[in-house]
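*Asks:* One structure follows; several queries about it will come next.
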Amino acid sequence: MNLNNLRPAKGSTSSSKRIGRGQGSGKGGTSTRGHKGAKSRSGYSRKFGFEGGQMPLQRRVPKFGFKNINRVEYKAINIEMLQALSEKKGITTFNPAVFQEAGLVSKNDKVKILGNGELTAAIEVTADAFSKSAVEAIEAAKGTVVKL
């Protein structure tokens, strides 16, 4: 096998349909568009979601729900993650900059500390929000909680 005898697999390629090139081509006259009607005209484009006059899906399905414009989205961090970071890197003071450096949150994310896991290290945690169980666990381990 050489570069000069490489061929595509049989049936994998096909030449494009040359429409509107005279009667002898078999695709002349109406150019495969049929007779009359909107679809045969130039410039025709069907409306998005048009179902041939049947009531379209986006009108058949009822509207429901709403978006709360006052919702505050938090990135959740469990106290087991704080315990792991304090053991691994010896960190005792946690704040948004430390979480960002550790790759747990992005620049403008709000942080909420959740109480899942065990905490033994006495740490100082600064965050936007805390769950009740997280506050209890941190204070039980002789740590401090600072809410931003």
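None of the figures in this text is laboratory data; all of them are computed from the coordinates on show. Please read all numbers here as calculations on a predicted model, not as lab measurements. Here the Cβ positions follow ideal geometry from the backbone for every residue, glycine too, while neighbour counts run over all protein chains shown.
*Asks:* Among the residues of segment 130-137, is there at least one that is under 30 Å from the mean Cα position of the chain (by Cα) and of a type in the set (A, V, I, L, M)? Before you say what the answer is, go through the steps one by one.
*Replies:* So the first thing to find is which residues in segment 130-137 are under 30 Å from the mean Cα position of the chain (by Cα), and the list is 130-131, 134.
Still in the list and also of a type in the set (A, V, I, L, M): 134.
Taking every residue of segment 130-137 in turn, at least one turns out to be under 30 Å from the mean Cα position of the chain (by Cα) and of a type in the set (A, V, I, L, M).
*Asks:* Of all residues in segment 122-146, count the ones that are of a type in the set (A, V, I, L, M, F, W, C) and within 11 Å of Ile77 (Cα to Cα).
*Replies:* So the count comes out to 4.
*Asks:* Now a separate question. Please pick out the residue among Leu82, Leu57, Leu114 that is touching a strand residue (DSSP E or B) at 6+ places or on another chain (Cβ under 8 Å) and under 30 Å from Ala38 (Cβ atoms).
*Replies:* Unique residue meeting the criteria: Leu57.
*Asks:* Are any of the residues in segment 79-95 within 21 Å of the chain's Cα centre (by Cα) and surrounded by 17 or more Cβ atoms within 10 Å (Cβ to Cβ)?
*Replies:* No, segment 79-95 has no match at all.
*Asks:* Out of Ile69, Ile91, Ile79, I need the residue that is closer than 24 Å to Asp128 by Cβ, touching a Gly at 6+ places or on another chain (Cβ under 6 Å) and among the aliphatic types (A, V, I, L, M). Which one?
*Replies:* Only one candidate qualifies: Ile79.
*Asks:* Additional query: Working carefully through the options Arg46, Arg21, Arg33, find the one that is surrounded by 10 or more Cβ atoms within 10 Å (Cβ to Cβ), touching a helix residue (DSSP H, G or I) at 6+ places or on another chain (Cβ under 6 Å) and not aromatic (Phe, Trp, Tyr).
*Replies:* Sole residue among the options that is surrounded by 10 or more Cβ atoms within 10 Å (Cβ to Cβ), touching a helix residue (DSSP H, G or I) at 6+ places or on another chain (Cβ under 6 Å) and not aromatic (Phe, Trp, Tyr): Arg33.
*Asks:* If you take just the helices (runs of 4 or more DSSP H) that sit entirely in segment 1-113, which of them hold at least 3 residues that are more than 30 Å from Ala140 (Cβ to Cβ)?
*Replies:* Working: elements: 57-60, 79-89, 96-101.
Fully inside segment 1-113 and qualifying: 57-60.
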